[in-house]
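The values are calculated or read from the model by the stated rules, or taken from the named source; none is laboratory data. What you see is a predicted model; the values in this text were computed from it and never measured. Because the Cβ atoms are built from the backbone with ideal geometry, glycine has one as well, and the counts that use them run over all protein chains shown.
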Amino acid sequence: MNHSRILLTTLNARYSHSSIGLRYLYANMHELQSQSSIREFTISDNIPDIAEQLLNAQPTIIGIGVYIWNACECAELVTLIKQIAPETIIVLGGPEVSYAPMRLNFDRANYIIQGEGDCSFYELSRALLTGLTPTQRIIPGIMADLENLILPYDYYSDEDIANRYIYIEASRGCPFLCEFCLSSIDKKVRDINTDKLLQALEKLWQRGVRSFKFIDRTFNLNVKIASQLLDFFLAKQPCFVHFEVIPDHFPEALKERIAQFPAAALQLEIGIQTLNEEVAKRVHRNLKLDKIRANIAFLEEKTAVHMHLDLIVGLPGETLASFGESLNQLCTMAHSEIQIGILKKLSGTTLERHDAQFGMIYATRPPYEILKNNLLSFSEIQQMKRFSRFWNLFYNSGNFKKSIPLLWPEGDVYEQFSAFSLWVFQQTKSTWQISLDRLTALLFDYLCDIKQAQRDHIALLLIDDTMKLKGRKMPKCLHPFAHDITLSQQQDRSKHNKRQLRHAPE
(Lines give C-alpha, C1' and ligand atoms only; values in the text may rest on other atoms or scores of the structure.)
Protein backbone atom coordinates (compact mmCIF):
# COMPACT_ATOMS: atom_id res chain seq x y z
CA MET A 1 0.00 0.00 0.00
CA ASN A 2 1.38 3.39 -1.03
CA HIS A 3 1.22 5.95 1.76
CA SER A 4 0.09 9.52 1.02
CA ARG A 5 -0.05 12.33 3.52
CA ILE A 6 -2.96 13.87 1.59
CA LEU A 7 -5.78 11.87 0.03
CA LEU A 8 -8.30 13.46 -2.32
CA THR A 9 -11.47 11.41 -2.57
CA THR A 10 -15.14 11.40 -3.47
CA LEU A 11 -17.95 8.96 -4.20
CA ASN A 12 -19.08 9.19 -7.80
CA ALA A 13 -22.60 8.21 -8.81
CA ARG A 14 -21.18 5.32 -10.84
CA TYR A 15 -17.85 3.95 -11.97
CA SER A 16 -18.10 5.48 -15.46
CA HIS A 17 -18.09 8.97 -13.93
CA SER A 18 -14.89 10.79 -12.98
CA SER A 19 -14.29 13.77 -10.72
CA ILE A 20 -12.88 16.81 -12.46
CA GLY A 21 -12.94 18.58 -9.08
CA LEU A 22 -10.43 16.20 -7.47
CA ARG A 23 -8.15 16.53 -10.46
CA TYR A 24 -8.27 20.34 -10.21
CA LEU A 25 -7.22 20.09 -6.58
CA TYR A 26 -4.42 17.66 -7.36
CA ALA A 27 -3.16 19.74 -10.30
CA ASN A 28 -2.81 22.77 -8.04
CA MET A 29 -1.11 21.16 -5.03
CA HIS A 30 2.31 22.52 -6.14
CA GLU A 31 5.11 21.15 -3.91
CA LEU A 32 2.59 19.00 -2.02
CA GLN A 33 1.55 17.08 -5.11
CA SER A 34 4.15 14.38 -4.52
CA GLN A 35 2.57 13.75 -1.12
CA SER A 36 -0.97 13.63 -2.53
CA SER A 37 -3.06 11.09 -4.39
CA ILE A 38 -6.58 10.66 -5.75
CA ARG A 39 -8.87 7.82 -4.65
CA GLU A 40 -12.29 7.58 -6.30
CA PHE A 41 -15.18 5.36 -5.20
CA THR A 42 -18.88 5.07 -6.02
CA ILE A 43 -22.00 5.49 -3.89
CA SER A 44 -22.68 1.76 -4.28
CA ASP A 45 -19.39 0.85 -2.57
CA ASN A 46 -19.47 -0.33 1.03
CA ILE A 47 -18.63 2.56 3.38
CA PRO A 48 -16.46 0.51 5.78
CA ASP A 49 -14.51 -0.79 2.76
CA ILE A 50 -13.93 2.78 1.59
CA ALA A 51 -12.76 3.84 5.06
CA GLU A 52 -10.41 0.85 5.22
CA GLN A 53 -8.81 1.66 1.88
CA LEU A 54 -8.36 5.32 2.79
CA LEU A 55 -6.93 4.67 6.24
CA ASN A 56 -4.56 1.97 4.98
CA ALA A 57 -2.68 4.78 3.24
CA GLN A 58 -2.09 6.35 6.68
CA PRO A 59 -3.04 9.86 5.54
CA THR A 60 -2.69 12.99 7.63
CA ILE A 61 -5.41 14.79 5.64
CA ILE A 62 -8.38 13.42 3.72
CA GLY A 63 -10.20 15.86 1.43
CA ILE A 64 -13.70 14.73 0.44
CA GLY A 65 -15.84 16.19 -2.36
CA VAL A 66 -19.49 16.34 -1.23
CA TYR A 67 -22.29 16.55 -3.80
CA ILE A 68 -26.04 16.07 -3.82
CA TRP A 69 -25.68 12.47 -5.04
CA ASN A 70 -23.20 11.40 -2.35
CA ALA A 71 -23.92 13.62 0.64
CA CYS A 72 -25.53 10.92 2.80
CA GLU A 73 -22.73 8.46 2.10
CA CYS A 74 -20.08 11.12 2.78
CA ALA A 75 -21.67 11.98 6.12
CA GLU A 76 -21.54 8.29 7.07
CA LEU A 77 -17.93 8.04 5.88
CA VAL A 78 -16.84 11.05 7.94
CA THR A 79 -18.42 9.63 11.08
CA LEU A 80 -16.81 6.22 10.56
CA ILE A 81 -13.32 7.58 9.87
CA LYS A 82 -13.48 9.76 12.97
CA GLN A 83 -14.53 6.79 15.10
CA ILE A 84 -11.61 4.69 13.88
CA ALA A 85 -8.89 7.31 13.40
CA PRO A 86 -9.91 10.51 15.18
CA GLU A 87 -6.47 12.05 14.58
CA THR A 88 -7.04 12.04 10.78
CA ILE A 89 -7.85 15.55 9.57
CA ILE A 90 -10.96 15.61 7.35
CA VAL A 91 -11.55 18.55 5.00
CA LEU A 92 -14.84 18.79 3.12
CA GLY A 93 -15.63 20.76 0.00
CA GLY A 94 -18.19 20.82 -2.79
CA PRO A 95 -21.71 22.22 -3.35
CA GLU A 96 -23.38 20.28 -0.53
CA VAL A 97 -21.25 21.91 2.16
CA SER A 98 -20.81 25.32 0.54
CA TYR A 99 -24.17 26.89 1.36
CA ALA A 100 -26.49 27.34 4.31
CA PRO A 101 -28.47 25.64 5.57
CA MET A 102 -26.28 22.53 5.78
CA ARG A 103 -28.97 19.90 6.08
CA LEU A 104 -26.83 16.86 6.93
CA ASN A 105 -24.60 16.57 9.97
CA PHE A 106 -20.95 17.11 9.08
CA ASP A 107 -19.94 18.31 12.55
CA ARG A 108 -17.15 15.75 12.85
CA ALA A 109 -15.26 17.12 9.85
CA ASN A 110 -12.32 19.27 10.92
CA TYR A 111 -12.64 21.90 8.19
CA ILE A 112 -15.08 22.83 5.46
CA ILE A 113 -14.07 24.89 2.42
CA GLN A 114 -17.08 26.70 0.98
CA GLY A 115 -16.97 27.69 -2.68
CA GLU A 116 -14.02 27.13 -4.99
CA GLY A 117 -11.36 24.93 -3.46
CA ASP A 118 -8.76 24.84 -6.25
CA CYS A 119 -6.39 27.13 -4.34
CA SER A 120 -7.87 27.05 -0.84
CA PHE A 121 -7.34 23.34 -0.29
CA TYR A 122 -3.64 23.68 -1.08
CA GLU A 123 -3.28 26.67 1.27
CA LEU A 124 -5.07 24.84 4.09
CA SER A 125 -3.05 21.64 3.60
CA ARG A 126 0.24 23.55 3.59
CA ALA A 127 -0.71 25.27 6.85
CA LEU A 128 -1.78 22.04 8.53
CA LEU A 129 1.34 20.14 7.51
CA THR A 130 3.58 22.89 8.92
CA GLY A 131 1.80 22.73 12.29
CA LEU A 132 -0.39 25.81 11.92
CA THR A 133 -3.95 25.64 13.18
CA PRO A 134 -6.42 27.75 11.17
CA THR A 135 -8.63 30.00 13.27
CA GLN A 136 -11.73 29.15 11.21
CA ARG A 137 -13.40 25.78 10.75
CA ILE A 138 -15.57 27.09 7.91
CA ILE A 139 -13.23 28.58 5.31
CA PRO A 140 -14.46 30.77 2.44
CA GLY A 141 -12.89 29.46 -0.76
CA ILE A 142 -10.53 31.69 -2.71
CA MET A 143 -11.95 32.43 -6.15
CA ALA A 144 -9.39 30.98 -8.53
CA ASP A 145 -7.59 33.07 -11.13
CA LEU A 146 -8.61 30.98 -14.13
CA GLU A 147 -5.94 32.55 -16.31
CA ASN A 148 -3.20 31.00 -14.15
CA LEU A 149 -4.98 27.97 -12.74
CA ILE A 150 -3.25 24.70 -13.65
CA LEU A 151 -5.65 22.61 -15.71
CA PRO A 152 -6.49 19.07 -14.52
CA TYR A 153 -6.52 17.07 -17.74
CA ASP A 154 -3.08 15.46 -17.42
CA TYR A 155 -4.42 13.67 -14.35
CA TYR A 156 -7.00 11.61 -16.18
CA SER A 157 -5.29 8.21 -16.16
CA ASP A 158 -5.17 5.73 -19.02
CA GLU A 159 -7.77 3.71 -17.11
CA ASP A 160 -10.00 6.80 -16.95
CA ILE A 161 -9.66 7.36 -20.67
CA ALA A 162 -10.50 3.75 -21.41
CA ASN A 163 -13.47 3.42 -19.06
CA ARG A 164 -14.80 6.76 -17.80
CA TYR A 165 -16.39 9.97 -19.04
CA ILE A 166 -13.86 12.74 -19.47
CA TYR A 167 -15.28 16.01 -18.16
CA ILE A 168 -14.12 19.38 -19.52
CA GLU A 169 -14.63 22.95 -18.34
CA ALA A 170 -14.38 26.03 -20.59
CA SER A 171 -15.99 28.53 -18.19
CA ARG A 172 -17.45 28.96 -14.72
CA GLY A 173 -20.55 30.78 -13.59
CA CYS A 174 -23.82 31.83 -15.17
CA PRO A 175 -25.19 35.34 -15.80
CA PHE A 176 -28.80 34.30 -15.23
CA LEU A 177 -30.80 34.31 -12.00
CA CYS A 178 -32.91 31.13 -12.11
CA GLU A 179 -33.87 30.54 -8.50
CA PHE A 180 -33.64 26.74 -8.56
CA CYS A 181 -30.03 26.65 -9.78
CA LEU A 182 -26.78 27.02 -7.83
CA SER A 183 -25.01 28.41 -10.90
CA SER A 184 -27.04 31.62 -10.56
CA ILE A 185 -25.13 32.42 -7.35
CA ASP A 186 -21.94 33.08 -9.33
CA LYS A 187 -23.39 35.69 -11.67
CA LYS A 188 -20.14 36.53 -13.42
CA VAL A 189 -19.04 34.13 -16.14
CA ARG A 190 -15.27 33.52 -16.14
CA ASP A 191 -13.58 31.85 -19.08
CA ILE A 192 -10.71 29.38 -18.98
CA ASN A 193 -7.74 30.42 -21.14
CA THR A 194 -8.82 29.08 -24.54
CA ASP A 195 -5.33 28.46 -25.91
CA LYS A 196 -4.39 26.40 -22.85
CA LEU A 197 -7.65 24.50 -23.05
CA LEU A 198 -7.22 23.68 -26.74
CA GLN A 199 -3.72 22.41 -26.04
CA ALA A 200 -5.11 20.19 -23.28
CA LEU A 201 -7.87 18.90 -25.57
CA GLU A 202 -5.32 18.06 -28.27
CA LYS A 203 -3.31 16.10 -25.73
CA LEU A 204 -6.39 14.20 -24.60
CA TRP A 205 -7.19 13.45 -28.23
CA GLN A 206 -3.69 12.12 -28.82
CA ARG A 207 -4.12 9.89 -25.75
CA GLY A 208 -7.23 8.36 -27.27
CA VAL A 209 -10.15 10.34 -25.81
CA ARG A 210 -13.09 10.33 -28.23
CA SER A 211 -15.90 11.43 -25.92
CA PHE A 212 -15.82 14.87 -24.26
CA LYS A 213 -18.46 16.15 -21.82
CA PHE A 214 -18.37 19.88 -21.05
CA ILE A 215 -19.81 20.96 -17.70
CA ASP A 216 -20.27 24.68 -18.53
CA ARG A 217 -23.77 26.01 -17.87
CA THR A 218 -23.70 28.49 -20.76
CA PHE A 219 -21.39 27.08 -23.43
CA ASN A 220 -22.83 29.23 -26.23
CA LEU A 221 -22.72 32.53 -24.33
CA ASN A 222 -19.25 33.48 -25.65
CA VAL A 223 -19.56 32.99 -29.41
CA LYS A 224 -15.84 33.38 -30.12
CA ILE A 225 -14.77 30.69 -27.66
CA ALA A 226 -17.65 28.39 -28.60
CA SER A 227 -16.70 28.73 -32.27
CA GLN A 228 -13.07 27.83 -31.56
CA LEU A 229 -14.08 24.73 -29.63
CA LEU A 230 -16.57 23.63 -32.27
CA ASP A 231 -13.89 24.07 -34.95
CA PHE A 232 -11.56 21.86 -32.90
CA PHE A 233 -14.09 19.03 -32.70
CA LEU A 234 -15.17 19.38 -36.32
CA ALA A 235 -11.57 18.70 -37.29
CA LYS A 236 -11.44 15.64 -35.01
CA GLN A 237 -14.33 13.58 -36.31
CA PRO A 238 -15.36 10.93 -35.53
CA CYS A 239 -15.85 11.81 -31.87
CA PHE A 240 -18.65 12.70 -29.47
CA VAL A 241 -18.99 16.00 -27.60
CA HIS A 242 -21.63 17.19 -25.14
CA PHE A 243 -22.40 20.84 -24.32
CA GLU A 244 -25.00 22.53 -22.11
CA VAL A 245 -26.40 25.56 -23.92
CA ILE A 246 -28.87 28.36 -23.36
CA PRO A 247 -31.80 28.01 -25.78
CA ASP A 248 -32.15 31.58 -27.03
CA HIS A 249 -28.61 32.39 -28.24
CA PHE A 250 -27.53 30.76 -31.50
CA PRO A 251 -25.83 33.37 -33.70
CA GLU A 252 -25.08 32.43 -37.31
CA ALA A 253 -21.45 31.65 -36.53
CA LEU A 254 -22.57 28.86 -34.20
CA LYS A 255 -25.36 27.63 -36.49
CA GLU A 256 -22.94 27.25 -39.39
CA ARG A 257 -20.63 25.08 -37.34
CA ILE A 258 -23.31 23.04 -35.58
CA ALA A 259 -24.88 22.15 -38.93
CA GLN A 260 -21.62 20.51 -40.03
CA PHE A 261 -21.54 17.84 -37.31
CA PRO A 262 -22.56 14.34 -38.40
CA ALA A 263 -25.15 12.26 -36.54
CA ALA A 264 -24.15 10.87 -33.13
CA ALA A 265 -21.32 13.41 -32.81
CA LEU A 266 -22.81 16.43 -31.00
CA GLN A 267 -25.25 16.51 -28.08
CA LEU A 268 -26.74 19.75 -26.77
CA GLU A 269 -28.42 19.85 -23.37
CA ILE A 270 -30.94 22.70 -23.47
CA GLY A 271 -32.56 23.93 -20.29
CA ILE A 272 -36.21 24.79 -20.99
CA GLN A 273 -37.69 23.92 -17.55
CA THR A 274 -41.10 25.45 -18.41
CA LEU A 275 -42.79 27.16 -21.34
CA ASN A 276 -45.26 28.91 -19.02
CA GLU A 277 -44.17 32.55 -19.06
CA GLU A 278 -45.81 33.40 -15.73
CA VAL A 279 -44.14 30.48 -13.94
CA ALA A 280 -40.78 31.26 -15.56
CA LYS A 281 -40.95 34.91 -14.53
CA ARG A 282 -41.79 33.91 -10.96
CA VAL A 283 -38.50 32.01 -10.58
CA HIS A 284 -36.49 34.59 -12.56
CA ARG A 285 -36.14 32.27 -15.54
CA ASN A 286 -35.19 34.08 -18.74
CA LEU A 287 -37.77 32.85 -21.28
CA LYS A 288 -37.67 34.20 -24.84
CA LEU A 289 -40.23 31.94 -26.45
CA ASP A 290 -39.91 33.13 -30.04
CA LYS A 291 -36.14 32.65 -30.05
CA ILE A 292 -36.43 29.32 -28.28
CA ARG A 293 -38.91 27.99 -30.84
CA ALA A 294 -36.85 29.29 -33.77
CA ASN A 295 -33.59 27.83 -32.46
CA ILE A 296 -35.08 24.43 -31.64
CA ALA A 297 -36.66 24.38 -35.11
CA PHE A 298 -33.25 25.08 -36.64
CA LEU A 299 -31.58 22.33 -34.63
CA GLU A 300 -34.39 19.89 -35.42
CA GLU A 301 -34.64 20.59 -39.15
CA LYS A 302 -31.20 21.76 -40.26
CA THR A 303 -28.77 19.74 -38.15
CA ALA A 304 -28.01 16.18 -37.05
CA VAL A 305 -27.56 17.34 -33.44
CA HIS A 306 -28.99 15.21 -30.66
CA MET A 307 -30.97 17.48 -28.34
CA HIS A 308 -31.62 16.83 -24.68
CA LEU A 309 -34.35 19.23 -23.49
CA ASP A 310 -35.06 19.72 -19.78
CA LEU A 311 -38.42 20.23 -18.02
CA ILE A 312 -39.10 20.51 -14.28
CA VAL A 313 -42.15 19.28 -12.35
CA GLY A 314 -43.21 21.27 -9.27
CA LEU A 315 -42.12 24.85 -9.98
CA PRO A 316 -43.96 27.36 -7.77
CA GLY A 317 -47.42 28.01 -9.16
CA GLU A 318 -47.25 25.45 -11.98
CA THR A 319 -50.08 22.94 -12.27
CA LEU A 320 -49.87 19.52 -13.88
CA ALA A 321 -51.96 20.90 -16.74
CA SER A 322 -49.43 23.68 -17.29
CA PHE A 323 -46.55 21.20 -17.15
CA GLY A 324 -48.41 18.96 -19.57
CA GLU A 325 -48.82 21.82 -22.01
CA SER A 326 -45.07 22.47 -21.92
CA LEU A 327 -44.40 18.80 -22.62
CA ASN A 328 -46.91 18.74 -25.47
CA GLN A 329 -45.36 21.82 -27.03
CA LEU A 330 -41.84 20.43 -26.83
CA CYS A 331 -42.94 17.18 -28.45
CA THR A 332 -44.29 19.13 -31.41
CA MET A 333 -41.11 21.22 -31.63
CA ALA A 334 -38.54 18.41 -31.59
CA HIS A 335 -38.23 14.63 -31.71
CA SER A 336 -35.51 14.60 -29.08
CA GLU A 337 -34.93 13.49 -25.53
CA ILE A 338 -36.94 15.45 -22.98
CA GLN A 339 -35.56 14.98 -19.50
CA ILE A 340 -38.28 15.38 -16.86
CA GLY A 341 -36.88 16.35 -13.48
CA ILE A 342 -38.53 16.91 -10.10
CA LEU A 343 -37.89 20.31 -8.49
CA LYS A 344 -35.14 20.30 -5.87
CA LYS A 345 -34.63 22.93 -3.19
CA LEU A 346 -30.87 23.38 -3.03
CA SER A 347 -29.21 25.24 -0.19
CA GLY A 348 -27.90 28.56 -1.44
CA THR A 349 -30.78 29.19 -3.82
CA THR A 350 -33.65 31.59 -3.13
CA LEU A 351 -36.50 29.15 -3.80
CA GLU A 352 -37.57 29.30 -0.16
CA ARG A 353 -39.17 32.70 -0.72
CA HIS A 354 -42.05 30.86 -2.43
CA ASP A 355 -42.60 28.34 0.36
CA ALA A 356 -45.35 30.12 2.26
CA GLN A 357 -47.34 31.38 -0.73
CA PHE A 358 -47.39 28.05 -2.57
CA GLY A 359 -47.16 25.64 0.35
CA MET A 360 -43.88 24.18 -0.89
CA ILE A 361 -42.83 21.13 1.13
CA TYR A 362 -39.51 19.44 0.33
CA ALA A 363 -37.72 16.29 1.47
CA THR A 364 -35.17 16.99 4.19
CA ARG A 365 -32.56 14.61 2.76
CA PRO A 366 -30.81 14.68 -0.63
CA PRO A 367 -31.82 15.26 -3.33
CA TYR A 368 -34.29 17.56 -1.50
CA GLU A 369 -37.09 17.02 -4.02
CA ILE A 370 -40.50 18.61 -3.63
CA LEU A 371 -42.99 16.41 -1.78
CA LYS A 372 -46.12 18.52 -2.34
CA ASN A 373 -47.43 22.07 -2.66
CA ASN A 374 -50.85 23.69 -2.72
CA LEU A 375 -51.35 22.74 -6.38
CA LEU A 376 -49.79 19.26 -6.41
CA SER A 377 -50.53 16.58 -3.82
CA PHE A 378 -47.94 14.13 -2.53
CA SER A 379 -49.66 11.39 -4.53
CA GLU A 380 -49.46 13.46 -7.72
CA ILE A 381 -45.75 14.15 -7.19
CA GLN A 382 -45.20 10.41 -6.69
CA GLN A 383 -47.09 9.70 -9.91
CA MET A 384 -44.96 12.25 -11.76
CA LYS A 385 -41.78 10.60 -10.47
CA ARG A 386 -43.00 7.36 -12.01
CA PHE A 387 -44.06 9.24 -15.15
CA SER A 388 -40.51 10.61 -15.41
CA ARG A 389 -38.92 7.19 -14.94
CA PHE A 390 -41.14 5.46 -17.50
CA TRP A 391 -40.73 8.38 -19.90
CA ASN A 392 -36.99 7.82 -19.73
CA LEU A 393 -37.34 4.08 -20.33
CA PHE A 394 -39.84 4.25 -23.17
CA TYR A 395 -39.34 7.64 -24.82
CA ASN A 396 -35.88 8.99 -24.05
CA SER A 397 -34.15 5.65 -24.53
CA GLY A 398 -34.91 5.74 -28.25
CA ASN A 399 -35.72 2.03 -28.10
CA PHE A 400 -39.31 2.60 -29.29
CA LYS A 401 -38.89 5.43 -31.79
CA LYS A 402 -41.59 4.26 -34.24
CA SER A 403 -44.01 2.60 -31.85
CA ILE A 404 -44.19 5.00 -28.88
CA PRO A 405 -46.02 7.80 -30.80
CA LEU A 406 -48.96 5.42 -31.24
CA LEU A 407 -49.78 6.12 -27.60
CA TRP A 408 -50.92 9.61 -28.57
CA PRO A 409 -52.43 9.50 -32.08
CA GLU A 410 -54.37 12.72 -31.42
CA GLY A 411 -51.37 14.59 -30.08
CA ASP A 412 -52.00 14.92 -26.33
CA VAL A 413 -48.72 13.40 -25.25
CA TYR A 414 -49.01 14.25 -21.57
CA GLU A 415 -52.51 12.85 -20.98
CA GLN A 416 -51.92 9.66 -22.96
CA PHE A 417 -48.51 8.91 -21.48
CA SER A 418 -49.91 9.60 -18.00
CA ALA A 419 -52.51 6.89 -18.58
CA PHE A 420 -49.85 4.54 -19.92
CA SER A 421 -47.46 5.13 -17.01
CA LEU A 422 -50.24 4.45 -14.49
CA TRP A 423 -51.05 1.19 -16.30
CA VAL A 424 -47.39 0.13 -16.48
CA PHE A 425 -46.92 0.69 -12.74
CA GLN A 426 -50.02 -1.40 -12.03
CA GLN A 427 -48.36 -4.25 -13.95
CA THR A 428 -44.82 -3.89 -12.57
CA LYS A 429 -45.19 -2.33 -9.10
CA SER A 430 -41.69 -1.00 -9.79
CA THR A 431 -39.87 1.56 -11.90
CA TRP A 432 -36.46 -0.16 -11.78
CA GLN A 433 -34.76 -3.26 -13.16
CA ILE A 434 -37.24 -3.72 -16.00
CA SER A 435 -35.58 -5.46 -18.94
CA LEU A 436 -35.95 -4.41 -22.57
CA ASP A 437 -37.81 -7.67 -23.13
CA ARG A 438 -40.35 -6.75 -20.44
CA LEU A 439 -40.64 -3.12 -21.61
CA THR A 440 -41.38 -4.31 -25.15
CA ALA A 441 -44.05 -6.73 -23.93
CA LEU A 442 -45.70 -4.00 -21.84
CA LEU A 443 -45.87 -1.56 -24.73
CA PHE A 444 -47.06 -4.31 -27.08
CA ASP A 445 -49.87 -5.37 -24.74
CA TYR A 446 -50.98 -1.79 -24.03
CA LEU A 447 -51.10 -0.76 -27.68
CA CYS A 448 -52.94 -3.92 -28.71
CA ASP A 449 -55.23 -4.53 -25.72
CA ILE A 450 -55.92 -1.00 -24.44
CA LYS A 451 -55.49 1.10 -27.59
CA GLN A 452 -56.96 -1.62 -29.82
CA ALA A 453 -54.17 -1.45 -32.39
CA GLN A 454 -53.62 -4.23 -34.95
CA ARG A 455 -51.19 -6.79 -33.50
CA ASP A 456 -49.27 -7.63 -36.68
CA HIS A 457 -48.67 -3.95 -37.42
CA ILE A 458 -47.50 -3.17 -33.89
CA ALA A 459 -45.24 -6.22 -33.84
CA LEU A 460 -43.48 -5.14 -37.03
CA LEU A 461 -42.92 -1.64 -35.67
CA LEU A 462 -41.53 -3.04 -32.43
CA ILE A 463 -39.22 -5.37 -34.34
CA ASP A 464 -37.89 -2.41 -36.31
CA ASP A 465 -37.44 -0.44 -33.08
CA THR A 466 -35.87 -3.00 -30.80
CA MET A 467 -33.66 -4.66 -33.41
CA LYS A 468 -32.22 -1.43 -34.80
CA LEU A 469 -28.84 -2.11 -33.24
CA LYS A 470 -26.77 -5.17 -34.07
CA GLY A 471 -26.20 -7.76 -31.41
CA ARG A 472 -29.59 -7.52 -29.75
CA LYS A 473 -31.73 -10.51 -28.88
CA MET A 474 -35.28 -10.19 -30.14
CA PRO A 475 -37.87 -9.78 -27.33
CA LYS A 476 -39.82 -13.00 -26.77
CA CYS A 477 -43.22 -11.44 -27.40
CA LEU A 478 -42.18 -10.65 -30.99
CA HIS A 479 -40.94 -14.12 -31.96
CA PRO A 480 -44.28 -15.25 -33.46
CA PHE A 481 -44.23 -12.24 -35.79
CA ALA A 482 -40.60 -12.45 -36.91
CA HIS A 483 -40.97 -14.89 -39.82
CA ASP A 484 -39.59 -13.60 -43.12
CA ILE A 485 -38.24 -10.48 -41.42
CA THR A 486 -34.83 -9.29 -42.59
CA LEU A 487 -32.68 -7.08 -40.40
CA SER A 488 -30.38 -5.69 -43.08
CA GLN A 489 -30.88 -2.16 -41.81
CA GLN A 490 -29.37 -2.90 -38.40
CA GLN A 491 -26.66 -0.48 -37.41
CA ASP A 492 -23.35 -1.28 -35.78
CA ARG A 493 -23.54 0.21 -32.30
CA SER A 494 -19.79 -0.13 -31.77
CA LYS A 495 -19.14 2.88 -33.99
CA HIS A 496 -21.48 5.39 -32.41
CA ASN A 497 -22.98 6.68 -29.24
CA LYS A 498 -25.70 4.05 -28.77
CA ARG A 499 -28.39 6.28 -27.27
CA GLN A 500 -27.92 8.95 -29.94
CA LEU A 501 -27.98 6.34 -32.67
CA ARG A 502 -31.34 5.02 -31.50
CA HIS A 503 -32.75 8.55 -31.87
CA ALA A 504 -31.18 9.17 -35.27
CA PRO A 505 -33.58 9.39 -38.24
CA GLU A 506 -33.66 6.48 -40.68
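The figures follow:
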item: Count - residues of the stretch 114-128 that are part of a loop (DSSP other than H, G, I, E, B) and closer than 10 Å to Ile139 by Cβ; result: 2
item: Residue selected from the stretch 285-328 under the condition more than 22 Å from the chain's Cα centre (by Cα) and hydroxyl-bearing (Ser, Thr, Tyr), by the criterion surrounded by the fewest Cβ atoms within 10 Å (Cβ to Cβ); result: Thr319
item: Hits in the stretch 335-345 (condition: modelled with pLDDT under 95 and either basic (Lys, Arg) or surrounded by fewer than 18 Cβ atoms within 10 Å (Cβ to Cβ) (or both)); result: His335
item: Residue satisfying condition, being closer than 23 Å to Leu327 by Cβ and out of contact with any helix residue (DSSP H, G or I) (no Cβ under 8 Å at 6 or more places or on another chain), within set Gln426, Gln433; result: Gln426
item: Cβ-Cβ under 6 Å pairs, at least 6 apart or on other chains, the stretch 439-453 side assigned to a helix (DSSP H, G or I), far side of a type in the set (S, T, N, Q); result: Thr440/Thr466
item: Thr42 of a type in the set (S, T, N, Q) and more than 26 Å from the chain's Cα centre (by Cα); result: no
item: Hey, Asn70 at pLDDT 95 or above and surrounded by fewer than 20 Cβ atoms within 10 Å (Cβ to Cβ) or not; result: no
item: First in the stretch 312-331 and charged (D, E, K, R), second anywhere and not in a helix (DSSP H, G or I), Cβ under 7 Å, 6 or more apart; result: Glu318/Thr274; Glu318/Asn276
item: Near pairs, Cβ below 7 angstrom, 6+ apart or cross-chain, from the stretch 350-366 (outside the structural domain of Glu96 (by TED's automatic domain parsing) and basic (Lys, Arg)) to any residue that is part of a helix (DSSP H, G or I) and at pLDDT 95 or above; result: Arg365/Cys72
item: Yes/no for Gly173 being of a type outside the set (D, E, K, R), on the phi > 0 side of the Ramachandran plot and within 18 Å of the chain's Cα centre (by Cα); result: yes
item: Subset tally (residues that are over 14 Å from Pro366 (Cα atoms) and in a loop (DSSP other than H, G, I, E, B)) for the stretch 66-93; result: 4
item: Residue within the stretch 15-31 that is of a type in the set (Phe, Trp, Tyr) and assigned to a helix (DSSP H, G or I) present; result: yes
item: Residue check, Ile296 assigned to a strand (DSSP E or B), within 29 Å of Arg257 (Cβ to Cβ) and touching a helix residue (DSSP H, G or I) at 6+ places or on another chain (Cβ under 9 Å); result: no
item: Every residue from the stretch 189-238 that is free of Cβ contacts under 8 Å to residues at least 40 places away in the same chain, surrounded by fewer than 16 Cβ atoms within 10 Å (Cβ to Cβ) and not in a helix (DSSP H, G or I); result: Arg210, Ala235, Gln237
item: Whichever residue in the stretch 128-183 is surrounded by 17 or more Cβ atoms within 10 Å (Cβ to Cβ) and polar (S, T, N, Q) and, among such residues, is modelled with the highest pLDDT; result: Ser171
item: Hey, Ala27 out of contact with any strand residue (DSSP E or B) (no Cβ under 7 Å at 6 or more places or on another chain), among the hydrophobic types (A, V, I, L, M, F, W, C) and under 25 Å from Cys119 (Cα atoms) or not; result: yes
item: Test: residue in the stretch 101-113 that is in a helix (DSSP H, G or I) and under 30 Å from Cys181 (Cβ atoms); result: no
